[in-house]
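Report on the structure given below.
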Amino acid sequence: MSKTIYFIANWKMHGNYNSIKEIQKVLNFLKKKTTYGFKKIIFCPPLNLLSYFEKKIRNKLIDFGAQDISKVNLNYGPYTGQLSGKMLKDVGANYVIIGHSEKRILDEDNVTIKKKINSALKNKLKIIFCIGENISQKKMGLSIKILKKQISQSLEKKIVNFDNIIFAYEPIWSIGTGIVPANDYLNKIYKKLNIFLKDKYKVKTPIMLYGGSVTPDNVASLGNISLISGFLIGGASLKAKSFIKIIKNYYI
Ligand code: PEP
């Protein structure tokens, strides 16, 4: 059976109302293609734009996600600055990015991430769970150890439906740097992650993405890594032109 391939656009702190035209161009591209089945395009714009974009675009071909969720596992309450999973659902998010290294650097540790994951799952949001080592951890040969730790300290063993968790391996040294790991290195990482998730969490088929400087030029080579189910894309997702170049080989 063919697996679903994910293309997730992480817009970070970019975009304005005008940027909807970029998503519309992607939608126009998709409408001309044989798109049914096995592909998922998900845009994660900043929250101020999410509801507007989702309402204007609402379409089977493109889905939407948020870039953060409150760790407070309540629908409403006296928590200034927080947005609950229920609120994210209300503004049209079906997915949420959790554990991104740019958030980890600011204020997210594994304990916080665990709370956010539980809150998202309670609200039936699918999770894009980012993990990744930094360059010094890589140089010390600690990559897989770090990834296992990030997962173990954030995921409850009792989570049964792993269809709702998309693991995005994003080596920190690759994000926004133009440096992409060699396929040999990635193959080793994904094989080890796969074994770990199957052994420890009994995940039948983990959904694992790659993120870090994905561009139209390197996506084909990265796509040769058999355990990858798609990509989390930052910079190259901001303009329809480069995003379409990334996805186009996957559409007939
Ligand atoms: C990201 O931050 O999730 C990311 C993959 O960024 P970029 O593609 O710009 O490296």
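See the values below:
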| quantity | calculated |
| --- | --- |
| Qualifying positions in the stretch 95-119 - within 19 Å of residue 209 (Cα to Cα) and not in a loop (DSSP other than H, G, I, E, B) | 95, 96, 97, 98, 101, 102, 103, 104, 113, 117 |
| Single residue of 192, 204 found to be more than 16 Å from the ligand (Cβ to nearest atom) and modelled with pLDDT of 95 or more | 192 |
| Only one of 204, 138 that is in contact with a Phe, Trp or Tyr (Cβ under 7 Å, 6 or more places away or on another chain), of a type in the set (Lys, Arg) and more than 30 Å from residue 72 (Cβ to Cβ) | 138 |
| Selection within the stretch 220-240 - within 15 Å of the ligand (Cβ to nearest atom), in contact (Cβ under 8 Å) with a residue 24 or more places away in the chain and closer than 16 Å to residue 10 by Cα | 230, 231, 232, 233, 234, 235, 237, 238, 239 |
| Count of residues meeting criterion [out of contact with any Pro (no Cβ under 6 Å at 6 or more places or on another chain), within 16 Å of the ligand (Cβ to nearest atom) and touching a residue at least 24 places away in the same chain (Cβ under 8 Å)] in the stretch 105-132 | 6 |
| Among the residues listed as 185, 251, the single one being more than 25 Å from residue 13 (Cβ to Cβ), of a type in the set (Phe, Trp, Tyr) and either surrounded by 20 or more Cβ atoms within 10 Å (Cβ to Cβ) or modelled with pLDDT under 95 (or both) | 251 |
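The values are calculated or read from the model by the stated rules, or taken from the named source; none is laboratory data. Everything numeric in this text was worked out from a predicted model, so none of it was measured. In this analysis, Cβ positions are derived from the backbone assuming ideal geometry, glycine residues included, and neighbour counts consider all displayed protein chains.
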